[in-house]
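Taking it in order: structure first as structure tokens, then the write-up.
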Amino acid sequence: MGTLKNYINGEFVDSQASESLDVINPSTNEVIAKVPLSTAADLDSAVAAAKIAFKSWRKTPPAERAKYIFKFKNLMEEHFEEIARLVTAEHGKTINEARGDVRRGIDNLDVACGIPSLMQGEALEDVGRGIDCTSTRRPMGVFAAITPFNFPAMVPLWFMPYAIATGNTFVLKPSEQVPTTQQRMFELWDQVGLPKGVINMVHGAKEIVNGMCIHPDIKGVSFVGSTPIAEHVYRLGTQNGKRVQALGGAKNYLVVMPDAELEQTASILVESCYGCAGERCLAGATLVLVGTAYDKFKDILVERAKQIKVGNGLDDESVSMGPVISKAHKQRIISYIEKGIAEGAELVLDGRIGYEDPESCFIGPTIFDQVKPDMTIGKEEIFGPVLCLIQAEDLDAAIEIIENHELANTTSIFTSSGKSAREFAYAVEPSMIGVNIGVAAPMSYFNFGGTKRSFFGDLKAHGKHGIEFYTDRKVVITRWL
Ligand code: NAD
């Protein structure tokens, strides 16, 4: 693909950057593109184009705006397999996981096409005698989004379709680790014929992120990534008067009760922990095995994890786990494994074996037993294929472990008891909860986002919150004399 271009004012243009980074296929180490580290001047051009475009885009009827999104949706369906293969090439996830990434992205386009209904306001006659009142939603101006590496197709679509359907204009900064999927998706957007400047893309890294948070012409910022950066973006953006929704990192607990069904549950747990090589914000990272669930599940989990087929998803459809995103990330995961051993957890499956080559991004499934919640591996987000097993005496003890943790994105319970499930869902704080579900990912018509230090802001991603985030309310009170 060569050096990627920014998309500004309806055209692909060279960045003014003097530096670039290699975009690497983590399965093969092949350099597939170079991504420019764009400058503040590049961002200014994009925001200026978006600001001008806003004047007429906001007046375009919502039903007309929806038609552009519908057209893009059709192009995404036509190019579905091509985009999925790009995701696998730059991210490493298996081809089926990449298809899921693209499909969940398209789901947001489906929802945003309903904007003429979703954006409607409220009205009441006779708020006083002969006085009527309307409350309408209106777009606010230029919005920006900053996205992570782990869902190259989907996460940008958590934001852009809603922002532009509601009449705003938009600037995206994709992850510099996986920018080629968005490059291709913007080529498809380009075929849709949106007015110039409605959508823009600026490649780059932290300079663009910080620039977006302080830019006087950006009204709001959506962010997805790790907790320290989410908090930074939230603070900097709100200090500069912007709306910010910042989705951060996660450490997700899956609670397994003794009465959980065995066979299907074991498969679901393994998929939750090792799907996308553990690089999902909804990945099960720690299993809390309650009472006799420990003896019931431990061996079957180790056996199932050993059956995972690691490899390059573009070579082989039957591969069930790809590499992690980079050599540096693999080293980070290995250092967590070393800390786990040093702190006294029992390594029952060592994913380093067979994957010793530091030049490769592959690492196998790993399981630690006898993990304590206060160990580093029990506390911190590893974001890799490392599963920690914790034992708890009863459901209350399991809930307490979850309550003591700050990265409260999602949690699930596995049980055949409605009472346990109800107690659990009622008590726990993470705001995405599964009952016998390994990855409790809300569909695009519901809100997505965690709580505590997994989420900074008020309004979460997509669903009704997406519409709220991208609109302001205008109240008109009318009397005809
Ligand atoms: P990251 O925080 O490293 O990067 C995310 C974005 O922030 C990127 O676009 C990057 O360019 C930018 N960035 C990185 N360092 C920066 C800095 N110092 N200053 C300003 N900007 C910076 O995250 P990642 O590694 O790309 O993604 C993985 C993380 O994202 C995990 O923590 C995962 O849990 C989280 N995540 C959360 C959700 C959610 O819904 N809560 C969804 C997906 C991923």
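See the values below:
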item	result
Among residues of region 259-279, those that are open to solvent by less than 30 Å² (accessible area, probe 1.4 Å) and not hydrophobic (A, V, I, L, M, F, W, C), counted	6
Neighbours by Cβ (under 6 Å, 6+ apart or cross-chain): first from region 285-311, under 13 Å from residue 369 (Cβ atoms) and not assigned by TED's automatic domain parsing to the domain that holds residue 257; second at pLDDT 95 or above and open to solvent by 50 Å² or more (accessible area, probe 1.4 Å)	none
Which numbered condition residue 47 fails, given (1) hydrophobic (A, V, I, L, M, F, W, C); (2) in contact with a His (Cβ under 6 Å, 6 or more places away or on another chain); (3) within 30 Å of residue 311 (Cβ to Cβ)	(3)
Residue match in region 276-286 (condition: under 20 Å from residue 461 (Cβ atoms), within 15 Å of the ligand (Cβ to nearest atom) and outside any loop (DSSP other than H, G, I, E, B))	yes
Set 233, 221, 255, 244: member being within 25 Å of residue 382 (Cβ to Cβ) and either without any contact (Cβ under 8 Å) to a residue 12 or more places away in the chain or more than 9 Å from the ligand (Cβ to nearest atom) (or both)	255
Residue count for region 394-415, restricted to those that are more than 24 Å from the chain's Cα centre (by Cα) and assigned to a helix (DSSP H, G or I)	7
Selection count, region 429-460, where residues are under 21 Å from residue 414 (Cα atoms), among the hydroxyl-bearing types (Ser, Thr, Tyr) and buried (at least 22 other Cβ atoms within 10 Å of the Cβ)	0
All strands (runs of 3 or more DSSP E) inside region 100-212 with 3 or more residues being touching a residue at least 60 places away in the same chain (Cβ under 8 Å) and either more than 14 Å from the ligand (Cβ to nearest atom) or assigned by TED's automatic domain parsing to the domain that holds residue 18 (or both)	131-139, 142-146, 169-173, 199-201
Hits in region 422-467 - residues which are part of a loop (DSSP other than H, G, I, E, B), more than 11 Å from the ligand (Cβ to nearest atom) and either touching a Ser or Thr at 6+ places or on another chain (Cβ under 8 Å) or of a type in the set (Phe, Trp, Tyr) (or both)	428, 429, 436, 437, 438, 439, 440, 445, 446
Hits in region 74-114 - residues which are open to solvent by less than 30 Å² (accessible area, probe 1.4 Å), closer than 12 Å to residue 157 by Cβ and not acidic (Asp, Glu)	76, 83, 102, 105, 106, 108, 109, 111, 112
Out of 369, 357, sole residue that is farther than 29 Å from residue 257 by Cβ and acidic (Asp, Glu)	357
Test set (1) open to solvent by less than 10 Å² (accessible area, probe 1.4 Å); (2) within 16 Å of the ligand (Cβ to nearest atom); (3) assigned to a helix (DSSP H, G or I) - residue 337 fails condition number	(2)
Count of residues meeting criterion [touching a residue at least 40 places away in the same chain (Cβ under 8 Å) and touching a strand residue (DSSP E or B) at 6+ places or on another chain (Cβ under 6 Å)] in region 12-23	4
Residue within region 291-305 that is buried (at least 19 other Cβ atoms within 10 Å of the Cβ) and within 16 Å of the ligand (Cβ to nearest atom) present	no
Given (1) at pLDDT 95 or above; (2) under 22 Å from residue 296 (Cβ atoms), index of the condition residue 373 fails	(1)
Scope region 227-258; condition open to solvent by less than 60 Å² (accessible area, probe 1.4 Å) and β-branched (Val, Ile, Thr); matching residues	227, 233, 238, 244, 255, 256
Qualifying residue in region 329-341 (condition: farther than 19 Å from residue 306 by Cα and at pLDDT below 95)	no
Only listed residue being touching a Lys or Arg at 6+ places or on another chain (Cβ under 6 Å), farther than 22 Å from residue 248 by Cβ and small (Gly, Ala, Ser), chosen from 354, 364, 322	322
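The values are calculated or read from the model by the stated rules, or taken from the named source; none is laboratory data. As the structure is a computational prediction, the values presented were derived from the model and not from experiment. No Cβ is skipped: glycine too gets one built from the backbone with ideal geometry, and neighbour counts run over all protein chains shown. The area values use the complete protein model at the heavy-atom level, side chains included, leaving out ligands, DNA and RNA. Shrake-Rupley method; radii C 1.70, N 1.55, O 1.52, S 1.80 Å.
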